[in-house]
Amino acid sequence: MNKDEKIKVLRDLIKINSVNGHEAKVTKYLVKLLEDKNIKVHADYFDEDSANLIANIGVGNGPVLCFEGHQDTVAIGDERKWKHKPFEAEVVGDNIYGRGAADMKSGLAAAVIAMIELNEDLEKIPGRIRLVATSGEEFGAKGAYRLADSDVLDDVSAMVVGEPTGGKIIHAHSGSLNYRIKSFGKSVHSSIPERGTNAIIGLNYFINAERKIFENSPVDSILGKFKHSITTIKGGSQVNIIPDYAELYGNIRPTMALSNQKVKDMLAKVIRNLNEEHKLKLELEIVHDFFPMSTSSENTFVKQVLKAAKDNFGSKAQLEIINGATDASVYVQKYPTLPVVVLGPNTWEIAHQANEMTSIKSYINTIETYKKIARSFF
């Protein structure tokens, strides 16, 4: 494919509004593109407008290299903040603008084109290269969980997740655990508060306790210090009524040193103790539960990826870690020893923002990097 054809694929994907839960149009576009290039592809449609896509090239029973990405985007937010229309894929100089340009239609398009070009080169790949494109990554990773519940990834030997990294190689990232604390009380008029139970007071006890729960947490040798935050809180409906319900949400970034299960056990213990000591009615709910991913920097696959990236991104290609989470958080629950790296165009900093963009140069570099990874791997 020539450069203009590659840019057209990315622009076509950006022009499709695939906000979380509405990814099927992207799937249909990719199915046609891949089938036209004589690549075997399967679409797994689920829910009302979502689908996963799986495609394969290669021959023989050798190892399987998987390129993985998601088809959904976050919402556009306030369109008045956009200087470039979110679904027009406008090209200005070396940049392409639009929702999903960075996160992660550029990485997904790069993987698709790398597959097409490797297949067109008629190279005899002694194994398989598999493309997996999921739905729902931006909220709950529904597509990734659906894949993990199947056998689609059982034979995968190594994986590249195409999230935006600007050519950096992320070999480890934290998990992400979202939780909700519900507090129940008794509603009365604020002139007689002693006859009621203020649900907000229950949350206040938890907020004070949360500051100390993790203060002696172990520092992970790769991911570093443990991260935790209370992020939203709401309660009450009227200024002169004692609220009978209040809730808060918190986000925690588990590491290999302090696992998801350990975190959940610690939260549950605090809730039990507060309820008993202060006669509260607090309930804990785990909303999302994504695991940390960690592949050693000395892993052979990581070294292969680093060399391939350096050949295309130069000094930008470095091994790093992040405190984000990806679809890999789901896969490592089932495949804990699977070597995984995250590598794609541009950076997380511009993802989810108004005027989201990717550079054509980094997009083309990513395509070439993916092709070199595949050749090195086999």
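The values are calculated or read from the model by the stated rules, or taken from the named source; none is laboratory data. In this text the structure is predicted, and so the values were computed from the model without any measurement. Counting neighbours? That spans all protein chains shown, and the Cβs are built from the backbone with ideal geometry, glycine included. Protein only, heavy atoms only, side chains kept; ligands, DNA and RNA dropped before computing areas. Shrake-Rupley method; radii C 1.70, N 1.55, O 1.52, S 1.80 Å.
General observations
- Paramagnetic reach from L284 (point 7 Å along Cα→Cβ, amide N under 18 Å) across region 159-195: 175-184
- Using a probe of 1.4 Å, the accessible surface attributed to T232 totals some 70 Å² when neighbouring protein chains are kept in position.
- H352 contributes about 90 Å² of solvent-accessible surface, heavy atoms of the protein only, 1.4 Å probe.
- Estimated distance in nm for a label pair at Y249 and N17, the labels positioned 7 Å out from Cα along Cα-to-Cβ: 2.3
- F67, F378, reordered so the largest accessible area comes first (probe 1.4 Å): F378, F67
- Accessible surface ranking that places the most exposed of S191, S359, S150 first, with a 1.4 angstrom probe: S191, S150, S359
- Within the straight-line cut-off of under 18 Å between alpha carbons, the aspartates and glutamates reachable from K225 are E210, E215, E320, sequence neighbours fewer than 8 places apart in one chain being disregarded.
- Across W348, W82, the residue with the most accessible area heads the list, and the full order at a 1.4 Å probe is W348, W82.
- A cut-off under 12 angstrom between Cβ atoms defines the neighbours of V160, and their net charge, with Lys, Arg +1 and Asp, Glu -1, is 0.
- Structure-based [θ]222 nm, the chain - -39500 (n - 2.57) summed over DSSP H runs of at least 4, per residue, nearest 500: -10000 deg cm²/dmol
- Residue-count net charge about L223 - beta-carbon cut-off 14 Å; Lys, Arg +1, Asp, Glu -1: +1
- More than 27 Å apart - percent of Cα-Cα pairs taken over region 65-212: 50
- Region 284-340: Cα Rg divided by the 2.2 N^0.38 Å rule of thumb: 1.38
- Distance from the alpha carbon centroid of region 303-343 to that of region 232-247 works out to 44 angstrom.
- Filter on K168/K269; K227/K372; K8/K307 - keep pairs with C-alpha separation over 32 Å: K168/K269; K227/K372
- Contour minus Cα-Cα distance for S191 and V239 (0.36 nm per residue): 16.2 nm
- Once Cα extents along the principal axes in Å is calculated for the structure shown, the corresponding label among (i) 72, 49, 37; (ii) 63, 41, 40; (iii) 79, 45, 38 turns out to be (iii).
- Kirkwood estimate for region 203-361, i.e. one over the average of 1/r between Cα atoms, Å: 19.0
- Accessible area (Å², 1.4 Å probe, nearest 10) - H288: 30
- Between E48 and S376, the modelled labels are 4.5 nm apart [label points 7 Å from Cα along Cα→Cβ].
- Out-of-range pairs (alpha-carbon distance over 20 Å; input K334/K371; K310/K371; K6/K105; K186/K212): K334/K371; K186/K212
- Cut-off 15 Å (backbone N to label point 7 Å along Cα→Cβ of S259), residues of region 333-354: 333-337
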